Structures are given as structure tokens and as C-alpha cells.
Amino acid sequence: MSAYLQCIEENCQKKISATAKAHVCPDCNGLLDVMYDFQITDPDKVKQTFQQRRLSNDPLDLSGVWRYRELLPFCSDPAKVVTMQEGNTPIYEAPHCAEYTGLKKLHLKHQGLNPTGSFKDNGMTAGVTQARLMNSRIVACASTGNTSASMAAYAARAGMKAVIFIPDQQIAFGKLSQSLDYGALTLQLEGDFDEAMKMVKEITEETEVYLLNSINPFRLEGQKTIIVEMLAQRGWKIPDRVVVPGGNLGNSSSFGKAIKELHDLGFIDKMPMVTIIQAQRANPLYKTLIDRSARLIRVEAHTLATAIKIGNPVSWKKAMRAMEWTRGWCDVVSEQEIADAKAMIGRDGVGCEPASATTVAGIKKLIQTKEIDKEEDVVAVLTGNLLKDPDYTVNYHQNNLYEKATYKNELIERKDKIQSTYANAPLKVKARKVEILKVLGL
Ligand code: F0G
């Protein structure tokens, strides 16, 4: 089975070797896809193989990415695969969230239950495996925190040096702590994610360092399995819609490619719609879509959901394509809507980081605008673990969350308070039995 890279631009479509160290098309700078001459003739048989592998203890079969390897056949040497049993994430029914949004039923696929706590692990196992196939020794990424945590872990497993570029003071501590512990060289850059991304792109183009942001198409091959695993878990019952947060737009891009390929190969006979939700003030894709612009409308991004604080997303054209293929759409939600939706996801005993809560907030909004019917079969993808950003959660529950807060060693200014609609603040109680019983009402 041969894999190759192909430019996504319709008037280019240049093909290059899968082992070329290129992030973009050498002719036109277009984004690249990993393409295959798939040899699948009987999708039902392949589905059965996926199912049978659940009983196997082979490291590849234990991975929720490589279990589906027929759909990402770029690695012909299983010994080279770098895996931490990623994927394998549950789908939960979420009755509180369903009622909150107005849907009859809602399912949450929790990618935050991956080895490093985010969906990035699905992509990173593929990206680091490709790095190893290319004999790379140093890997790098720009990150709002989760990509860097994941890359640092997988690079450590593979014995590679990891260099991460993060915007200073703008990533959640849970994520920063991971990269430090996993031994990555951590560069805190002045400026935002978009500037960090520009720097890492230039440096990896000019040196032997291998880029592992989602502009790397092998990352997206791994993330396709989020869709494949979700369908396999549902016995291949196709949902009407999949809702996903949009930041650098890698995940939505990979969902589009997965759905298109599964459809073309005969695994599914209809395509679930991909609905992308951005934060209101980090909304370049939404703006571009609404303005029907042929170029990306960049923004200076602001949101407390730091994972998606991105104004110049690299994969926007692939995300556009995902929406086109699946009749999908993009919408935006406010900081208040994100915060309340996150608390509601918590009430279902599930929990997530702020960026993930755009999904439930977005569904609520789209039910109100009648874009989504309340009978629809919807799966929201939660992208990151609750424990990634505990400050946000504790501040919300203590009625202390502000859209704008400036710190210089200590808090010096805060503005635009977010209402803690579903606050569950801790109570201070004297360590005396009678006081505790009084609080418990017993
Ligand atoms: N949710 C979480 C928790 C994320 O970490 C990210 C992206 C997204 C959603 C958006 O996904 O970029 O594929 O559209 N985080 C990246 C990072 C940018 O550096 O960790 P996307």
C-alpha cells in the first residue's frame, strides 16, 4: 500500500513523496493531504476485523488509532509505531446537557480521556510515528498547551528531543506542567499563538527539526480515527451531526476527511454534518464564512478558552472543505455561554476544559435558532480534560471569573464579569460536628 502527499488546491493537486519533509505544497504553498490507493473491497469485513481486534493484546490493536490502520495505511513497519494506547475514549449519554440544550438526547465523546488528556494524542501517535519513519531526532510545535503536552509525551516515548513554542502566560497550568514533566525544551514566546506558529514554521522549514502541528497531514490521519471509533462504538449507526470546537482547525479538517473517505469507501451511506463552534472573539472561520471571503479573515483572538485562542488558523481551507463535503456549518458562542455550558457538562459527571464546552453551548444556540432539530442524533466531541485548566473552573464556581483579567505577579485589573449561573462554591465550615451537620441539614 503506497501513501503519498497531495496538494489540496484544485488547480494544483501536485503529488509528492510521503517522506518529503514538506508542510505545504512546494509549488503553490497549498495544504497537503496524505493520500492512499486504498485496496478495501469489502468494508463489512474490515468493520469485523476492527471489532475482533478489541479482544487482542497486540499493542497496535490496543490503540484506538492503529486498531483502524486499514484507514491510515502509511506505516508499513509496525515496529516503528509510537503508541500509548491512545483513543479508546468513551461516549457518554448526557441527560443534563440534553435538557440544557433542548435536544431530546445528546452524546458526548470524551477525547479528554486520552493518555495526556486531549484529542491531540490521536494525532500525535501518527505524527511521531511518521517522524520516526523519517529518522527525525528533534520535533517541534507551537501550541496553546495541549499539542505541546501530547508531543512532549510521545517524543519522550520515542526518545526524541521535543521543542515547544508557547505564548507566554497564555496557556493553562495543567498543560504547561505536562510539557515540563515530559522533559520538553519549553520556549515561552512573547506574543500570541499565531506568532509562535509563524516562528516554528520558519524554523522547521530551515532546519532538520520536524514540525508536529496539525499542518502536518500525518497528525490529521490519526485524528480521523476519532470519527471511526465513534462510529464503531455506535455499531456504525451514523449520527446526524458531529459538533466540534474550532481553533487551529485541524480536528474539524480530519473529521471531514474521515467522513469523506468512509463514504467513498462504502463504510457509511450518509455523511454526518460537521458543525464547528468558535469563541465569539476568536472567530476567523466564522467571519470568513459569513463574508463568503475567498481569503481567511484573520482576527486578533481573545477568549478565556485559551486552547482555541487562535486568530490565523492554518487548516482553515480544509475545515471549509469539511463543511462543504458534509453540509456542515460554523457558529460562535460567547464567553458566558461557554462558561455555563461547561458547568452543565460537569453536572453530567463528565467535565471538560473550557474550549470543549463550545460544543454544548453551540448546540443550545443552534436549537434556539432552529438550525438543529431537537430530535436530531447529535454527538459533541469534548476535546480536553477538566483538569487541564482548574483555575477557570474554580474561579467560575467561586463567582470570580472575568473576561479580562490582567496579572503582573498579582491581579491588577479585571473587567467584564462572567455570571456564575451554576456556581457550586465550596463552603467554609468549622471543623465541628454540629456545624457540619447544620450545613448538611441533618
Ligand atoms: N479543544 C482543545 C482542548 C484544544 O486544545 C484545541 C486546540 C482545540 C479544541 C481546537 O482544535 O486546533 O484542531 O481546531 N489546541 C491546539 C494546541 C491549538 O496547541 O493545543 P483545532
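Taking all Cα-Cα distances within the chain, those exceeding 29 Å account for 44%. Taking trypsin sites (Lys or Arg not before Pro) across region 305-339, the ones in a DSSP loop with at most 12 further Cβ atoms lying within 10 angstrom of their Cβ are R327. Taking the alpha carbon gyration tensor of region 372-442, multiplying each eigenvalue by 5 and rooting it gives semi-axes of 30, 25, 13 Å, largest first. With respect to the chain, whose longest principal axis is taken over its alpha-carbon atoms, helix 193-206 is tilted by about 20°.
Note: relative contact order over region 60-197, using C-alpha pairs below 8 Å and six or more positions apart, is 19 percent. Summary of packing: across the peptides 354-364, 229-239, 157-167, the per-residue average of other C-beta atoms within 10 Å ranks them, highest first, as 354-364, 157-167, 229-239. Between I171, I310, I203, the Gaussian network model of the chain with springs among Cα atoms under 10 angstrom shows the greatest mean-square fluctuation at I203.
Atom-type composition of the exposed protein surface of region 1-85 places 44 percent of the accessible area on carbon and sulfur (1.4 angstrom probe).
In terms of its C-alpha gyration tensor, region 269-350 comes out oblate, because a/c is 1.5 or above while a/b does not outweigh b/c.
Take every Cα pair under 8 Å whose residues are at least 6 apart in sequence, average their separation, divide by the length of the chain, and the relative contact order is 15 percent.
Computed with every protein chain present, the accessible area of K45 is close to 130 Å² [probe 1.4 Å].
Between the residues A126, S143, P115, the greatest Cα displacement towards the positive end of the dipole of region 89-157, with unit charges on the Cβ of Lys, Arg, Asp and Glu, is found for A126.
Taking the C-alpha atoms only, the angle from helix 43-52 to the longest principal axis of the chain is near 60 degrees. Rounded to the nearest 20, the Cβ-based charge dipole of region 280-341 about its Cα centre (Lys and Arg +1, Asp and Glu -1) stands at 460 debye. For region 1-72, the square roots a ≥ b ≥ c of the C-alpha gyration tensor eigenvalues yield an a/c of 1.5 or more together with a/b exceeding b/c, which makes the shape prolate. Solvent exposure of E371, expressed as accessible area, is near 100 Å², computed with a probe of 1.4 Å over the protein chains only.
Which percent of the accessible heavy-atom area of region 305-442 goes to carbon and sulfur, probe 1.4 angstrom?
After summing per-atom areas, the C and S share lands at 51 percent.
Converting phi to 3J(HN,Hα) with the Karplus coefficients 6.51, -1.76 and 1.60 and the offset θ = phi - 60°, region 371-385 yields 5, 10, 8, 5, 7, 4, 8, 10, 10, 9, 9, 8, 8, x, 6 Hz in sequence order, with x at every glycine or proline. Among the protein heavy atoms of region 110-163, carbon and sulfur supply 42% of the accessible surface, probe 1.4 Å, non-protein parts ignored. For the set Y286, Y92, the ranking by accessible area, highest first and with no ligand, DNA or RNA atoms included, is Y92, Y286 under a 1.4 Å probe. Placing +1 on the Cβ of every Lys and Arg and -1 on the Cβ of every Asp and Glu, with no other charges, gives the chain a dipole of roughly 820 debye about its Cα centre. Compute the angle between helix 316-326 and the longest alpha-carbon principal axis of the chain, please, reported from 0 to 90 degrees and rounded to the nearest 10. Approximately 90 degrees, to the nearest 10. If you take the Cα centroid of region 214-283 and the Cα centroid of region 42-101, the two points sit 14 Å apart.
The listed residues R241, R54, once ranked by accessible area (1.4 Å probe) with the largest placed first, stand as R54, R241.
Accessible surface of E70, taken over heavy atoms with a 1.4 Å probe and every protein chain present, rounds to 60 Å². For the chain, the solvent-accessible area of protein heavy atoms averages 44 Å² per residue (probe radius 1.4 Å; ligands and nucleic acids excluded).
Only Lys, Arg, Asp and Glu carry charge here, each on its Cβ (+1 for the first two, -1 for the last two); on that basis region 98-176 has a dipole of about 240 debye about its Cα centre. In region 300-442, inverting the average of 1/r over every pair of distinct C-alpha atoms gives 17.6 Å as the Kirkwood radius. Loop-located GluC sites (Glu not before Pro) in region 130-221 (DSSP state other than H, G, I, E, B) with a sparse environment of at most 11 neighbouring Cβ atoms within 10 Å: E190, E208. These residues, K21, K260, go from largest to smallest accessible area, 1.4 Å probe, as K21, K260. In this structure, the amide hydrogen of I297, modeled 1.01 Å from its nitrogen in the peptide plane, lies closer than 5 angstrom to those of T288, counting only residues at least 5 positions away or on a different chain.
The values are calculated or read from the model by the stated rules, or taken from the named source; none is laboratory data. Every value quoted in this text rests on a predicted model; they were computed, and no experiment measured them. Quick reminder, even Gly has a Cβ in these numbers, built from the backbone with ideal geometry, and neighbours come from all protein chains shown. In case anyone asks, the SASA skips ligands and DNA or RNA and just uses the protein heavy atoms, side chains included. Shrake-Rupley method; radii C 1.70, N 1.55, O 1.52, S 1.80 Å.
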